[in-house]
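Enquirer: First the structure, which I've put down as structure tokens, then a few questions once you've had a look.
The values are calculated or read from the model by the stated rules, or taken from the named source; none is laboratory data. Values in this document were obtained by computation on a predicted structure and should not be read as measured data. Quick reminder, even Gly has a Cβ in these numbers, built from the backbone with ideal geometry, and neighbours come from all protein chains shown.
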Amino acid sequence: MRRHGVRTLRRLGTRTAAALITTALAVGAAPPPAGASADRAGVAPSSLVDPLIGSANGGNTYPGATLPFGMIAWSPTSTTGDQTNTAAANGYSYDATRMRGLSLTHVNGAGCHPGAAGDVPVMPFVGDVATSPSADTKDQVYASDFSHADERATPGRYTVGLASGAAADLAVGERSGVADFTFPADKPANLLFRVSNSLNGSENAHVDIDAAHRTVSGWVHTGAFCGRRANGGENNRKSYYKLYFSASFDRAFSEVGTWKDATLSPGSTTASGGEGYATGADRAGRGSGGWVGFDTSSDNDVRMRIGISYVSRAGAEANLRDEIPPRASVDQVARAGARAWDRELDAVRVQGGTPERRTAFYTALYHSFMQPNLISDADGRYVGMDRAVHRLSRGQRAQYGNFSGWDQYRAHVQLLALLKPTVAGDFAQSLYNFARQNGGVWDRWVHVSGATHVMTGDPSAATLATFYAMGVRNFDHEGAFDSLVRQATVPHPDGLSDAGCPGQCEGQRPNLEQYLASHYAAQDACHCWGGAAETLEDAVADSALAEWARLLGREEEAEAFADRAGWWRNVFNPDATPGGGYVQARDLDGSWVTPFDPATGTGFAQGTSATYTWMVPQDVRGLAAAMGGRETAAARLDGFFHKPDGSWSLRGGDPLRYDPTNEPGIHAPWLYNALGQPWKTQATVAQIVDTVYGTGPSGLPGNDDLGTMSAWYVFACLGLYPRTPGSADLLLGAPVFERAVLDRPHGTGITITAPAADAAHRYVESVRLNGRAHDASWAGPPLTLRGGTLAFGLVDRPDTRWATDPSGLPE
């Protein structure tokens, strides 16, 4: 048994993983933080997390080892017999029990297949390396089956036993990891570094083996997020980051070798070569890597320490030194990681609910805190969107990447602002830094530090305005506001490009000159994914900018953007169907695009008119009036959630009804509050929480989309939901826990009590806000900004009187 020393480690340049390891060693199996014992009966929140939730049913989560907002995410790449593809968008599907490596980076819940990253798969291989692993195009030789009975995933740690007899036990810091690989004692034992085999391929890759110093290092030059998708894929098959790695071992190598394409070179210590970004036969058989072998006849356990960096190999080595002591064990690092997760997850302490509900809740919170992701090294350096090396801005603690803006601005960014405002501010500064490095252009989907242009609208404006409204101040808010206003008012040449369209149009405010002239995005001239969707997205973004301008005291801009926030009306056709009006695409000449029915996707992005018609969160009153009044709108909303026979329709698949798997309509259950029928919000949210979400690998309804669907669930369980981007207002529902404490900075915590909360009591009869009766289905900025208490009285049947006074309805 090894003896291990300990030393100190910094987190984000100010605190170290080694300090966590030191603490973990000192306390052994330490109790959870003080506040936890009162609300979870002494159970550490990390122990309630199941990282396998969402790993099937299209959730596209990954089960591997990662820390909150960390850079490294060490998780399996699975295979179904094609080395250029994986079983799911993020490399792992619970239903595929064969893997070809344990990759160092992942993105949680991205929907493109493959999604992103999956860089540098490291594979423990039992047997002689006799042919090039890149030539094993069907993953028949250099992959292995495994059983879920031999797999265990916990926050910060992942363990798996392979059918080959090898096993891997992984634990991580923020930019580094440690692994114990075990092998059968009587068979050849090798580790493959498949440096070129990122999920979407690679432009180039390189490996160096230094037997004298027992190290393997290298890099991969890659990117290509959504590169395989049909719409716009060719435009995005490009490289925009390099991931460097440096691995060291506790023992000498018994053999070394490399390969490139089909050529195997035993004894070689260096190789280079990428796979390209093509699909199928055009990529199969290409790529490079290296392997190291070990004599396991007397000791079959190989320990590897590895650091990563987007800056340089030296940065990877420094990150490893900074975070993980030379003799630290997997157990020690894992214990430190669990405590790191406990500190973050302790932001919400709940009491009551079933064990399954608590597991689903804390796993959703865990998934919400998996991003944004560090891209800066421990010394504060990072590679920007201009591919140059930068240092953190003054006062900034970390540079973050991975911004799925179109998804995240609807729920995830609000949860981040509410629970982790310092991270939110650093994230806001990160996005502003990227924009300044990108000629003033804010990209709507940033992968690592690369602009991918994926989706539609201007989510950066909605995101940063939301952060500011919810009290986040640790970023250059004046500079960021001015920059976003320029993007929304000054046409950019990219706005006339069709490159990447429809899914990855280059223009971030496409054909802005036409939009400003027509007051809507014309379907036949917008250079966007869909004119109707673009108009609605821009109206939401402009509403958020208007609210931000008011908070900054810039009234002229506030009025201008408030007017633009109402341009959604220009794509609402009151005569679209005999049964009522719908949002509908229209051409430059003003004519409506026909033929039309509410199930059409023409003019929309990943949704239909039936869904997008409700996407006016900034002006629900106006939308209801356009439909003929609140009662008419509520009746139509009933039909959105129910089939004609009255049964629920909440699982998706019906173009006329609610789709919980995608973002444009996820706010819709909460619209009843503004329509004066809040008991229907309570019933609908309860039905979704109870039947659409759950535990187990299929516990998410669809792509987690960088924590968005998980954030929705967290809010729903708390009985809260953000009213609209750019606002600090919170809509009220029915909590599922008897008590929840939101532990927020500077004495601004929020305590939510609902003593009667259980499966039978899902309706609100009364609310007390800071001890006073509150007859409104929403709470304004004081609760969000200063904290307070919400006490819910719940009953077992709808209360049709509470919060129905028209004068008190949310906007």
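Enquirer: Within the stretch 678-692, does at least one residue satisfy the condition of being in contact (Cβ under 8 Å) with a residue 24 or more places away in the chain, among the hydrophobic types (A, V, I, L, M, F, W, C), in contact with an Asp or Glu (Cβ under 8 Å, 6 or more places away or on another chain) and closer than 26 Å to D705 by Cβ?
Expert: no
Enquirer: I'd like to check something: does the stretch 655-676 contain any residue that is in contact with a Lys or Arg (Cβ under 6 Å, 6 or more places away or on another chain) and farther than 28 Å from E547 by Cα?
Expert: no
Enquirer: Of the residues that sit in the stretch 693-749 and are under 21 Å from C112 (Cβ atoms) and surrounded by fewer than 24 Cβ atoms within 10 Å (Cβ to Cβ), which one is modelled with the lowest pLDDT?
Expert: Initially, the stretch 693-749 is screened for residues under 21 Å from C112 (Cβ atoms), giving 697-698, 700-712.
Still in the running and surrounded by fewer than 24 Cβ atoms within 10 Å (Cβ to Cβ): 697-698, 702.
Working: P697: 97, S698: 97, G702: 91.
Residue satisfying both the conditions and the ranking: G702.
Enquirer: Among the numbered criteria (1) assigned to a strand (DSSP E or B); (2) farther than 24 Å from F249 by Cβ; (3) out of contact with any Phe, Trp or Tyr (no Cβ under 8 Å at 6 or more places or on another chain); (4) not acidic (D, E), which single criterion is violated by T80?
Expert: Result: T80 fails condition (1) only.
Enquirer: Quick check: is even one residue across the stretch 490-504 in contact with a Ser or Thr (Cβ under 8 Å, 6 or more places away or on another chain) and either closer than 22 Å to R387 by Cα or crowded, with 18+ Cβ neighbours inside 10 Å (or both)?
Expert: Taking the stretch 490-504 and keeping what is in contact with a Ser or Thr (Cβ under 8 Å, 6 or more places away or on another chain), we get 504.
Checking the rest, the ones that are also either closer than 22 Å to R387 by Cα or crowded, with 18+ Cβ neighbours inside 10 Å (or both) come to 504.
For the stretch 490-504, residues in contact with a Ser or Thr (Cβ under 8 Å, 6 or more places away or on another chain) and either closer than 22 Å to R387 by Cα or crowded, with 18+ Cβ neighbours inside 10 Å (or both): present.
Enquirer: Restricting the search to the stretch 621-663, which residues are farther than 25 Å from Y763 by Cα and surrounded by 23 or more Cβ atoms within 10 Å (Cβ to Cβ)?
Expert: If the condition is that a residue be farther than 25 Å from Y763 by Cα and surrounded by 23 or more Cβ atoms within 10 Å (Cβ to Cβ), then L623, E663 are the ones that fit.
Enquirer: For the stretch 456-551, give me every one of the helices (runs of 4 or more DSSP H) that falls completely inside it and has 1 or more residues that are basic (K, R) and within 22 Å of N433 (Cβ to Cβ). Walk me through it before giving the result.
Expert: On the way: elements: 459-469, 477-489, 512-518, 531-551.
Output list reads 477-489.
Enquirer: Please go through the stretch 600-620 and pick out each residue that is more than 22 Å from T684 (Cα to Cα) and either surrounded by fewer than 21 Cβ atoms within 10 Å (Cβ to Cβ) or of a type outside the set (A, V, I, L, M) (or both). Break it down stepwise before answering.
Expert: Just the residues of the stretch 600-620 that are more than 22 Å from T684 (Cα to Cα), to begin with: 600-606.
If the condition is that a residue be more than 22 Å from T684 (Cα to Cα) and either surrounded by fewer than 21 Cβ atoms within 10 Å (Cβ to Cβ) or of a type outside the set (A, V, I, L, M) (or both), then T600, G601, T602, G603, F604, Q606 are the ones that fit.
Enquirer: Given the conditions (1) modelled with pLDDT of 95 or more; (2) within 31 Å of the chain's Cα centre (by Cα); (3) of a type in the set (A, V, I, L, M), report the number of the one that L199 does not fulfil.
Expert: In the conditions (1) modelled with pLDDT of 95 or more; (2) within 31 Å of the chain's Cα centre (by Cα); (3) of a type in the set (A, V, I, L, M), L199 misses (1) alone.
Enquirer: A further question follows. Which numbered condition in (1) more than 22 Å from C717 (Cα to Cα); (2) in contact with a helix residue (DSSP H, G or I) (Cβ under 6 Å, 6 or more places away or on another chain) is the only one that A674 fails?
Expert: Tallying (1) more than 22 Å from C717 (Cα to Cα); (2) in contact with a helix residue (DSSP H, G or I) (Cβ under 6 Å, 6 or more places away or on another chain), A674 fails exactly one: (1).
Enquirer: Moving on. Here are some residues: A388, A336. Which one is surrounded by 20 or more Cβ atoms within 10 Å (Cβ to Cβ) and not β-branched (V, I, T)?
Expert: Every option except A336 fails the conditions.
Enquirer: Oh, and also: Going by the structure shown, is D346 of a type in the set (D, E) and out of contact with any helix residue (DSSP H, G or I) (no Cβ under 9 Å at 6 or more places or on another chain)?
Expert: Values: of a type in the set (D, E): yes; out of contact with any helix residue (DSSP H, G or I) (no Cβ under 9 Å at 6 or more places or on another chain): no.
Considered against the rule, which asks whether it is of a type in the set (D, E) and out of contact with any helix residue (DSSP H, G or I) (no Cβ under 9 Å at 6 or more places or on another chain), D346 comes out as no.
Enquirer: Something else now. Does any residue in the stretch 523-552 that is assigned by TED's automatic domain parsing to the domain that holds L484 and within 24 Å of W592 (Cβ to Cβ) come within less than 6 Å, Cβ to Cβ, of a residue that is of a type in the set (K, R) and in a helix (DSSP H, G or I) six or more places away or on a different chain, and which pairs are these?
Expert: D542/R564
Enquirer: Just to check your reading of the model, which residue among V120, V178 is assigned by TED's automatic domain parsing to the domain that holds P68, touching a Lys or Arg at 6+ places or on another chain (Cβ under 9 Å), part of a strand (DSSP E or B) and among the β-branched types (V, I, T)? First the steps, then the outcome.
Expert: Values: V120 fails: part of a strand (DSSP E or B).
Just a single option satisfies the conditions, and that option is V178.
Enquirer: Still on this structure, please answer the following. Name the pairs whose Cβ atoms lie under 6 Å apart, with the first residue in the stretch 183-196 and outside any strand (DSSP E or B), the second of a type in the set (D, E) and surrounded by fewer than 22 Cβ atoms within 10 Å (Cβ to Cβ), and 6 or more positions between them or separate chains?
Expert: Partner pairs satisfying both residue conditions: P188/D128.
Enquirer: Out of the stretch 96-107, which residues are without any contact (Cβ under 8 Å) to a residue 60 or more places away in the chain and either at positive phi or out of contact with any Asp or Glu (no Cβ under 7 Å at 6 or more places or on another chain) (or both)?
Expert: Matches in the stretch 96-107: A96, H106.
Enquirer: Is there any pair linking a residue in the stretch 631-649 that is at pLDDT 95 or above to one that is surrounded by fewer than 14 Cβ atoms within 10 Å (Cβ to Cβ), with Cβ under 7 Å and at least six apart or on different chains, and which?
Expert: Partner pairs satisfying both residue conditions: S649/K643.
Enquirer: Right, here's the next one. Name the residue, out of F596, F561, that is of a type in the set (A, V, I, L, M, F, W, C) and either closer than 30 Å to V689 by Cα or touching a strand residue (DSSP E or B) at 6+ places or on another chain (Cβ under 7 Å) (or both). Show your work before the answer.
Expert: Values: F561 fails: either closer than 30 Å to V689 by Cα or touching a strand residue (DSSP E or B) at 6+ places or on another chain (Cβ under 7 Å) (or both).
Only one candidate qualifies: F596.
Enquirer: What residue, among those in the stretch 651-668 that are out of contact with any Leu (no Cβ under 9 Å at 6 or more places or on another chain) and not in a loop (DSSP other than H, G, I, E, B), is nearest to E631 (Cα to Cα)?
Expert: Ranking the qualifying residues of the stretch 651-668, first place goes to G665.
A quick yes/no check of all residues on (1) within 18 Å of V120 (Cα to Cα); (2) outside any helix (DSSP H, G or I):
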site	(1), (2)
A284	yes, yes
I308	yes, yes
G315	yes, no
P326	no, yes
